[in-house]
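The values are calculated or read from the model by the stated rules, or taken from the named source; none is laboratory data. This is a predicted model, so every value here is computed, not measured. Cβ placement follows ideal geometry from the backbone for every residue including glycine, while neighbour counts extend to all protein chains displayed.
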Protein chains: 2
Amino acid sequence: MTEEGKKYENFSEWYNEVIEKADLTDKRYPVKGMNIWTPYGWKLMSLIDAETRRLIDENDHQEVKFPLLIPEDEFQKEADHIKGFGDEVYWVSHAGSTELDIPLLLRPTSETAMYPIFDLWVRSHADLPLKIYQMVNVFRYETKQTRAFMRMREIHFFEAHTCHATEEEAEKQIHDDLEIMDELAKKLCMPYLKLRRTEWDKFPGAHYTVGGDALLPTGRLLQIAGIHQYLNNFAEAYDITYEDIDGEHKYVHQTTYGMSERLIGAVVAIHGDDRGVVLPPALAPVQVRVIPILYGDDPALMEYCRSIVQRAKELGLRVDIDDRPDMRPGSKFFESEEKGVPIRVDVGSHELEDQEITLVRRDTGEKITVPLDELEEEITSLMDTMEREMYARAERSLEENIVDAEDISDITEEKVYRIGWCGTLRCGEGIEESTERNLLGTLYHGEEYSGKCIWCDEETDTAAYLCKTH
Amino acid sequence: MTEEGKKYENFSEWYNEVIEKADLTDKRYPVKGMNIWTPYGWKLMSLIDAETRRLIDENDHQEVKFPLLIPEDEFQKEADHIKGFGDEVYWVSHAGSTELDIPLLLRPTSETAMYPIFDLWVRSHADLPLKIYQMVNVFRYETKQTRAFMRMREIHFFEAHTCHATEEEAEKQIHDDLEIMDELAKKLCMPYLKLRRTEWDKFPGAHYTVGGDALLPTGRLLQIAGIHQYLNNFAEAYDITYEDIDGEHKYVHQTTYGMSERLIGAVVAIHGDDRGVVLPPALAPVQVRVIPILYGDDPALMEYCRSIVQRAKELGLRVDIDDRPDMRPGSKFFESEEKGVPIRVDVGSHELEDQEITLVRRDTGEKITVPLDELEEEITSLMDTMEREMYARAERSLEENIVDAEDISDITEEKVYRIGWCGTLRCGEGIEESTERNLLGTLYHGEEYSGKCIWCDEETDTAAYLCKTH
C-alpha cells in the first residue's frame, strides 16, 4: 500500500500500540496466545456478538452450547478433519491424579462434538432443517507467531451448523450466510472478498469453502469468516440420516459458518490511525462521549452537558460523559481518540451561551457546530454518514489494491493480484511457491474473465486471487 | 417433606423426567458429567445471566473474560486453595504431539488465573475498588454421582471478583452481593437460607464463606450461591498491593461471589409438579403461549389469536403461538405444561364471539376469562401475582421444614434441623458423623438463640443448621 503514516510503515508495532492504548486486551497473561479480555474489549466483542445473534436468529437458527471436551474416538471419525486439526489440539489425559479412560481434547471447532448428537436429533424430514449455533471458546495450538485478535490459541468463536434435506437447501443456506455476513460487514464498515478456496486450502472435511477476506493496511489479506459446504462428508462419517417422505433413509447435507474475534482485529487494522483505534459507530462500546470544556466549577455548563447525555441516551445510544475533575480537556480528547469513540461532543461556554453543540467525528476529525435543538437528527445522521463513508473508504482501498498481473515477474508488491489460472493443483503450487503468496481462490459469485494461466499459459476463463495472508 | 406427588416419592426419577420432557438439556453427550445445552435450556440460562448482568452492572462491576487454562505454577501459590481443588482439576500436558513446558489446568474457578494480573492492574488507591465478573465454563472432576444442572463436570459459572482498600469496604461488598442475590431469588421465586459456613466447610482459601442454600423437595439443601470474604489471604499469595494516600503499600481485601446453572436445577426442583417444570414468569423463555382451539380452518379465530400475540409482544413479553395444524389442542396444553410456560392463553370460538380471552396459570392451573380490552393489565397483574405466590409457597415450605432439635436422637427426618452448637470443631464433627448430615453453618445475619450444644451440652447462644445436602 502507498498511504502514509506509521500503520503503513510498521504495521506490527502500530497495531500493538493502538490496541494497548485503547485497552482492548491485556497481553500479560502467562500463557502464550491466550490474552485477557478487558472490559472495553469484551464489551466490543459482546456488541458484535449481539448483532451476529440478531441476524442469525432472524435466519431461524437457535443458540445451543456443546461441551468443550471431545472424546478421542469421536474426533477421529472424519479422516480429513483429523488430518487438518490433529497437530494442533490440546489433550486432557488426567483429572486429579486419575488417568482418563479415553483421552479428551479441547475443541478446535465443534463438528466432532455435535455430529454424533445430530444423529440423535435428526430422525425424519420433519426435523429438517436443523439450524443451530454457539459462541464459545475453542483452542488451537498455533505454531506461527501469535497476534492479539488475529492469531490466538484460545479463540472466541462463533460457529453455526446446519443440516438440510437436499443439496439445494444447503446451497441456499450458504447464500443466506453470505447475506448475514454482508449485513454484519456493513455495521463493521468492513468490505471483504468472498473467495471460493482452492481444493488444497478448504476446511478439513469440507466439499468447498468460501473464505471472507479483509484487506489490511499491510496489503495482506486476513480471513475473517469461513462458510463451508460439507455435502454428505460428515453425515456419512457420523451416520446422520433422515427418513424422507417416501420412507427412504438419506444422508443430510450440512453447512457451517464460522467467525471469531478476528473481526475486531480487522476493524482495528483497517480503520485505526496514528492517534488510535477508530470504532464503527453502530458497534462501539461508547458511541458518543460528552466532554465539558471547563476550568474550575461551572454548574450551568455541567447541567447543560448532562441534558445532552440524557437526550442522546433517549436515542438509544451508548453515551457517557468525561467529567473527571483533575484532567485537562486536551487529555480527554486524546483518550477519546485512542479509544476510538465515534462522536465527541465538545461543550464549552460558547456552546452553552449560544445553545449549540460541537460534534467531532473520530474518523476524519471534522467538527460541526449545530443548534442544540437539532441534536437528535444531527447525531443520527452523522452516525449514518460515518458508517457509510468508513465503509466506502475501505472499499476504495480494497479496489485500488487489487491489480491484474499477467506475468509472474510482475508480482512483487504487497497487493492482491488477480491472475489467470487454469485451475490445476500443479500450476497452483507453482504459482504459490514461486511468488511466496497464497492462491486464495476465485470469486464465489463468479466474474467474466478471459486470459491465460500465469503458470502454464493455457487459455482460461478463471481469475484467481493471489496475496500474502496474515 | 410430607407433600404428595411423585416428586416427593422418587425425586431423582421425577427430576430426570421433567427436565427431559421440558427439553432443558440433552444428557446423551458421550462424556460423563458434560451435558448439551439445548436451545430451550440455554435460553433460560441466558435470561438468568442477563438478569444477573443487569444487577451486577448496576453495582459497578465490569465484565471481562480470562483464559481457561491456568499454568501449574500460578495455581499452586495459595496453599489451601490447591488443597481444596487439586484433586479435581483436569490437566493439559500435550498439544498435538508436543509436551508443554508447564502443564496447564482447566480452571475450576478463576482466582489463580486472575490474581497474578490483579497485581498488575492495581497500583494505587485510585485503582480501587476493582470489581469485575465473568460468565464462563469451569471444570471440576466430580467423583460423586453427577446430576443435570446440579453436579456437573463442565459448569456454566458466574464469578465476580473484587479488590478493596479496606476490610469494611469488602464487607460492604458482601452485603451488596447478598442484596443482588435477593433480587435474583425474587425473580426466580426461590427463597434461600444465607448461612455462614463452618471453618471446615468454607471455600478453599477464604476467611469466611456465606452459602446460599435452597431447600429441595427431598428435604435436602442445595447450595446455589457462594459469597466469600478473602481478606488478604490471596493478596498475600499473589502480592496484590496498592499504594495508599499516605504512600504506604498495603494488601488489598478481596471478595468473590459465585453462582452456576444450579439456579435452574433448584427452580425445577422447587416449582415443578407431576405435569412438568414450572418456570418463573419473569425469566421463562416463553412467558405467554397463545393456543387457538380450532378444528379445521378458522381465519377469523387465527386473526384474533395473532392480535393477542401482537399486544402481548408490545408489553415487552416473550410470547408465541402454537399454530401447528396437525395437533390437537389437548396435546398443545400438555406440551405447554411440560415446558413450564407461565401463562397459557386459550382462544376458542366463545372467546372470539365475546371478545374475551381465557388465561390459564401454569402454577395453579387456575383459569380466568377476561375481556380482551383488559389484556395488558390482566396479564401484567397475573405475572406479578404468580411471582409473588410462587415465592410465598416456596418460602412457607422452607419455614415449615426448619425444625428445632434438642437431642441427637430426634434427628431422623429429611428436614433442616436448627440445633444448639458450641462452635467447636470437635462437637461439629461429632454432630455430622453421628447424624450423617452436614452442619451448614449459622445465619449470616444472626438470630437470637439460647440453648445447649446438642453434642456437649454446654450453654450456647449459637444456633446452627444441620441437613443433608445435594
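Residue by residue through segment A:195-239, note down the ones that are among the aliphatic types (A, V, I, L, M) and closer than 24 Å to A:Met114 by Cα. Give the steps one after another, and end with the answer.
Here is the first cut: in segment A:195-239, the residues among the aliphatic types (A, V, I, L, M) are A:195, A:206, A:210, A:214-216, A:221-222, A:224-225, A:227, A:231, A:235, A:237.
Hits for segment A:195-239 are A:Ala206, A:Val210, A:Ile224, A:Ala225, A:Ile227, A:Leu231, A:Ala235, A:Ala237.
Taking first residues from segment A:73-100 that are of a type in the set (Lys, Arg) and partners that are assigned to a helix (DSSP H, G or I), the Cβ contacts under 7 Å between residues at least 6 apart in sequence or on separate chains come to A:Lys77/A:Thr112; A:Lys77/A:Ala237; A:Lys77/A:Tyr238.
From the list A:Lys77, A:Lys131, A:Lys144, which residue is at pLDDT below 95, over 30 Å from A:Thr38 (Cα atoms) and more than 9 Å from chain B (Cβ to nearest Cβ)?
Checking each option against the conditions leaves just A:Lys77.
For segment A:84-121, the tally of residues that are of a type in the set (A, V, I, L, M, F, W, C), assigned to a helix (DSSP H, G or I) and at the interface with chain B (Cβ under 10 Å from one of its Cβ atoms) stands at 6.
Scan segment B:336-350 residue by residue and report those that are under 19 Å from B:Gly272 (Cα atoms) and surrounded by 19 or more Cβ atoms within 10 Å (Cβ to Cβ). Spell out the reasoning first.
Initially, segment B:336-350 is screened for residues under 19 Å from B:Gly272 (Cα atoms), giving B:336-344.
Result: B:Ser336, B:Glu337, B:Lys339, B:Gly340, B:Val341, B:Pro342, B:Ile343, B:Arg344.
In segment B:57-74, of all residues being more than 7 Å from chain A (Cβ to nearest Cβ) and over 24 Å from B:Glu236 (Cα atoms), the one that is farthest from the chain's Cα centre (by Cα) corresponds to B:Asp60. Close contacts from segment B:185-197, counting a first residue that is at pLDDT below 95 and a second that is of a type in the set (Val, Ile, Thr), with Cβ to Cβ under 8 Å and a gap of 6+ residues or different chains, come to none at all.
Just to be sure, is A:Ala214 surrounded by 24 or more Cβ atoms within 10 Å (Cβ to Cβ), out of contact with any Gly (no Cβ under 8 Å at 6 or more places or on another chain) and either free of Cβ contacts under 8 Å to residues at least 40 places away in the same chain or in a strand (DSSP E or B) (or both)? So A:Ala214 fits the description; yes. Kindly indicate which of B:Trp14, B:Trp37 is closer than 23 Å to B:Met259 by Cβ and either touching a Lys or Arg at 6+ places or on another chain (Cβ under 6 Å) or buried (at least 17 other Cβ atoms within 10 Å of the Cβ) (or both). Matching residue, one of B:Trp14, B:Trp37: B:Trp37. Being at pLDDT below 95 and not β-branched (Val, Ile, Thr) is the requirement here; does B:Gly296 meet it? Answer is yes for this residue.
Right, A:Leu69: touching a residue at least 24 places away in the same chain (Cβ under 8 Å) and among the hydrophobic types (A, V, I, L, M, F, W, C) or not? Criteria met by A:Leu69. Within segment B:18-52, being farther than 22 Å from B:Gln287 by Cα and of a type outside the set (A, V, I, L, M, F, W, C) holds for B:Asp26, B:Lys27, B:Arg28, B:Tyr29, B:Pro30, B:Lys32, B:Gly33, B:Asn35.
Within segment A:460-467, is even one residue assigned to a strand (DSSP E or B) and out of contact with any Lys or Arg (no Cβ under 8 Å at 6 or more places or on another chain)?
Here is the first cut: in segment A:460-467, the ones assigned to a strand (DSSP E or B) are A:460, A:463-467.
Still in the list and also out of contact with any Lys or Arg (no Cβ under 8 Å at 6 or more places or on another chain): none.
No: zero hits.
For A:Asp239, the test of being assigned by TED's automatic domain parsing to the domain that holds A:Lys83 and in contact (Cβ under 8 Å) with a residue 12 or more places away in the chain is passed. What do you reckon, is B:Thr143 in a loop (DSSP other than H, G, I, E, B), over 30 Å from B:Glu400 (Cβ atoms) and in the same structural domain as B:Asp87 (by TED's automatic domain parsing)? Yes.
May I ask you to verify whether A:Ser381 is hydroxyl-bearing (Ser, Thr, Tyr) and closer than 27 Å to A:Thr38 by Cβ? Criteria not met by A:Ser381.
So which strands (runs of 3 or more DSSP E) are wholly in segment A:221-304 and hold at least 3 residues that are over 30 Å from A:Leu372 (Cβ atoms)?
Working: elements: A:221-231, A:241-243, A:249-251, A:253-260, A:288-292.
Because the criterion is at least 3 residues that are over 30 Å from A:Leu372 (Cβ atoms), the strands (runs of 3 or more DSSP E) in segment A:221-304 that meet it are A:221-231, A:241-243, A:249-251, A:253-260.
Condition first: assigned to a helix (DSSP H, G or I) and within 21 Å of B:Ala22 (Cα to Cα). Can you find one or more residues in segment B:319-328 that meet it? Break it down into steps so the answer makes sense when it comes.
Quick first cut of segment B:319-328, residues assigned to a helix (DSSP H, G or I) only: none.
Checked segment B:319-328: no residue is assigned to a helix (DSSP H, G or I) and within 21 Å of B:Ala22 (Cα to Cα).
Residues of segment A:37-56 include at least one that is touching a Phe, Trp or Tyr at 6+ places or on another chain (Cβ under 7 Å), among the hydrophobic types (A, V, I, L, M, F, W, C), away from chain B (no Cβ under 12 Å) and in contact (Cβ under 8 Å) with a residue 60 or more places away in the chain.
Go through the residues of segment A:292-301 one by one and say whether even a single one is under 28 Å from A:Glu335 (Cα atoms) and buried (at least 21 other Cβ atoms within 10 Å of the Cβ). Lay out the reasoning, then the answer.
Filtering segment A:292-301 down to residues under 28 Å from A:Glu335 (Cα atoms) leaves A:292-301.
Add one more test, that the residue is buried (at least 21 other Cβ atoms within 10 Å of the Cβ), and what stays is A:292.
Yes: one or more hits.
Looking across segment B:1-30 at every residue that is out of contact with any strand residue (DSSP E or B) (no Cβ under 6 Å at 6 or more places or on another chain) and within 14 Å of chain A (Cβ to nearest Cβ), the one that is farthest from B:Ser336 (Cα to Cα) is identified as B:Arg28.
Annotation: A:Arg306 fulfils all but one of (1) surrounded by fewer than 22 Cβ atoms within 10 Å (Cβ to Cβ); (2) not assigned by TED's automatic domain parsing to the domain that holds A:Met327; the unmet one is (2).
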